[in-house]
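Engineer: Can you read through this structure? Questions will come right after.
The values are calculated or read from the model by the stated rules, or taken from the named source; none is laboratory data. The model shown is predicted, which means the values in this text are computed figures rather than measured ones. Cβ atoms come from the backbone with ideal geometry, glycine included; neighbour counts cover every protein chain shown. Just the protein is used for accessible areas: all its heavy atoms, side chains included, with ligands, DNA and RNA removed. Shrake-Rupley method; radii C 1.70, N 1.55, O 1.52, S 1.80 Å.
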Amino acid sequence: MSNPINRTGMKKHNFYAGPAILPQEVIEQAAKAIVDFNGSGLSLLSISHRTKDFENVLADADALFRELLHIPDNYRIFYVGGGASTMFYEVPANFLGKKAGYVNTGVWAKKAIKEAKFYGEVETLASSDDKNFTYIPKGFAVPSDLDYLHITTNNTIYGTEYHEDLISPVPLIADMSSDILSRPVDVSKYAMIYGGAQKNLAPAGVTFAIIREDMLERQVRELPTMVSFRTHVENGSMFNTPPVFPIYVLCESLKWLKSIGGVPEIHRRNKEKAALLYAEIDRNPLFRGTAVEEDRSLMNICFVMSEGYEELAPEFLEFAKERGMVGIKGHRLVGGFRASCYNALPKESVEALVACMQEFEHLHVK
């Protein structure tokens, strides 16, 4: 799969953190559906969500999710709007009665902690704030009296990621917005997994949730209808009009992932891409990585100019842009560079970025 070419004829390499790159064949299929959805003579953008054709899309997405992640039968899947940021308050609204535990691994974890405090006591069990979120905390105790434990599995801004499923004595809830379906996950270890789909699955506009059925009986307070997870499970994501177009693209992305060999194959590709770029960051005297090696993210690879070369950062950004690299500027909170290597990013884009870094090195290191 090759990257699109713009009007100038230059191939673009899309490293944006989100909304992020999607498979080209998925984009092309979605474009066809916008003109004529499933031979209906109607655009996907203007069909009723109550049509049999769209009900089939929801059913296919559910089945593919279950197959690709080996989701047990006692879990339910639903789709809503609002992004993970909405889930930051809906999770505690549903489940935080007295006290919840959170692990603080960066900006999005901090936002989740802030929202949870509206509903009860929040105990930050571990944090990597002491080293600017460059690592994943490990070996911390989890009290047995928590309503749940919440983690953010991949930290897009700082470039750290959990590489193993956490074992928790209390219900484990995970925001997997930016690494869902990028690596194997044992869903049975989680009470709930949720995330915005605009990294590996769909354009912005839909949030996925995978929830163990017994959690639906743990709702701790009366809630507005739309905030209760029971509403969306009991109504099959159709209590109100769902985000039709993003769900369709999500389904097509799941079909694509299955067609290439599923999660094991995409995990192999993601490790290969990350290893290639991290190797260049570690070798090239102009650059250095920011996350500790054992916790480096496969999805968001963050790096900065090495000491003594900091003033070259703006020049490198422009240099890379001229060679088709887009979206590699680091988040405004940390600066530097960030190459987001989501599922759909082809290896050739990483190879192009590595070549760009080497070319820049030859200009500045004698």
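Engineer: For segment 145-225, what's the relative contact order in percent, using C-alpha pairs closer than 8 Å and at least 6 residues apart? Could you put the intermediate results ahead of the total?
Structural biologist: Numbers: 116 pairs, mean separation 18.2, N = 81.
That works out to 22 percent.
Engineer: Turning to a different aspect of this structure: What figure, in Å² to the nearest 10, do you get for the accessible area of Tyr309 with a 1.4 Å probe and non-protein molecules left out?
Structural biologist: 60
Engineer: May I ask you to rank Lys329, Lys99 by accessible area, largest first, using a 1.4 Å probe over the protein chains only?
Structural biologist: I get Lys329, Lys99, largest accessible area first.
Engineer: Could you give the distance between the Cα centres of segment 87-130 and segment 229-246, to the whole Å?
Structural biologist: 25
Engineer: Under 13 Å between alpha carbons, and skipping anything fewer than 8 positions from Lys99 in its own chain: which aspartates and glutamates qualify?
Structural biologist: Glu121, Glu123, Asp145, Asp147
Engineer: Helix by helix, which DSSP H runs in the chain go 24 Å or more along their axis at the Cα atoms and have an average Kyte-Doolittle hydropathy of -1.0 or more?
Structural biologist: Helices meeting the criterion: 52-69, 262-283, 347-364.
Engineer: What accessible area, in Å² to the nearest ten, does a 1.4 Å probe give for His362?
Structural biologist: 130
Engineer: Here's another thing I want to ask about it. Run the helix sum for the chain: -39,500 (n - 2.57) per DSSP H stretch of 4+ residues, divided by residue count, reported at 222 nm to the nearest 500 deg cm²/dmol.
Structural biologist: On the way: 9 runs with 125 residues, N = 366.
The helix contribution divided over the chain gives -11000 deg cm²/dmol.
Engineer: Something else: What trypsin sites (Lys or Arg not before Pro) does segment 199-269 have in DSSP loop regions with at most 15 other beta carbons within 10 Å? The partial results should precede the final answer.
Structural biologist: Numbers: sites: Lys199, Arg212, Arg218, Arg221, Arg230, Lys255, Lys258, Arg268, Arg269; in loops: Lys199, Arg221.
Loop-located and lightly packed - Arg221.
Engineer: Continuing with this model, one more query. In the full protein assembly as shown, how much of Val304 is accessible to a 1.4 Å probe, in Å² to the nearest 10?
Structural biologist: Its heavy atoms expose roughly 30 Å² to the probe.
Engineer: Just to be sure I understand: of the beta bridges DSSP finds with both ends in segment 151-271, what percent are antiparallel, rounded to 5?
Structural biologist: DSSP beta bridges in segment 151-271 are roughly 60 percent antiparallel.
Engineer: Build a GNM of the chain with springs between Cα atoms under 10 Å: which of Gly335, Gly41, Gly324 gets the top mean-square fluctuation?
Structural biologist: Maximum among the listed residues: Gly41.
Engineer: Taking a 23 Å limit on the Cα-Cα distance, which of the listed pairs Lys111/Lys138; Lys110/Lys138; Lys199/Lys255; Lys32/Lys255; Lys189/Lys273; Lys52/Lys255 fall beyond it? Could the numbers behind the result be given before it?
Structural biologist: Values: Lys111/Lys138 21 Å; Lys110/Lys138 18 Å; Lys199/Lys255 16 Å; Lys32/Lys255 16 Å; Lys189/Lys273 28 Å; Lys52/Lys255 19 Å.
Where the Cα-Cα span goes over 23 Å, the pairs concerned are Lys189/Lys273.
Engineer: Another question, if that's okay. I want the antiparallel fraction of DSSP beta bridges within the chain, as a percent rounded to 5.
Structural biologist: Counting DSSP beta bridges with both partners in the chain, the antiparallel share is about 60 percent.
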